[in-house]
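Just so it is clear, none of the values below were taken in a lab; they were calculated from the coordinates. A quick note: this is a predicted structure, and the numbers were derived from the prediction, not measured. Don't worry about glycine lacking a Cβ; one is built from the backbone with ideal geometry, like all the others, and counts go over all protein chains shown.
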């Protein structure tokens with residue numbers, strides 16, 4: 001896990017079937033910090049990513065928590081994009097493939 005601020009993302013190839021991601025937030029700081037995470041999909045192996053549907057997002061997070069969510073793949077690669085907002089916000093979190 002690493003401390004993150006601002007926005008960013010990272011991606012990898014998708015296998016067959018559902019994609020299940022686990023989110024672990026171990027620290028949050030700042031005034032009214034918010035963390036929005038969205039899965040973006042690629043049809044060209046990760047060269048170009050497109051925003052998914054509203055269902056391709058975790059609910060907004062505001063503090064320490066864990067969550068898992070399954071997604072229907074809409075391409076052959078994905079990345080998780082995050083946006084952190086608030087007054088001097090910071091989150092320490094990780095997102096990993098998992099099983100429900």
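Here are some notes:
- By the compact-protein rule of thumb, 2.2 N^0.38 Å, the alpha-carbon radius of gyration of segment 51-100 corresponds to a ratio of 1.28.
- Cα gyration tensor shape for segment 23-83, rounded if a/c is under 1.5, else prolate or oblate: prolate
- Residue 51 versus residue 24: modelled label distance in nm, points set 7 Å from Cα along the beta carbon direction: 3.1
- Between residue 67 and residue 99, the modelled label-to-label distance comes to 2.4 nm, taking each label 7 Å out from Cα in the direction of the beta carbon.
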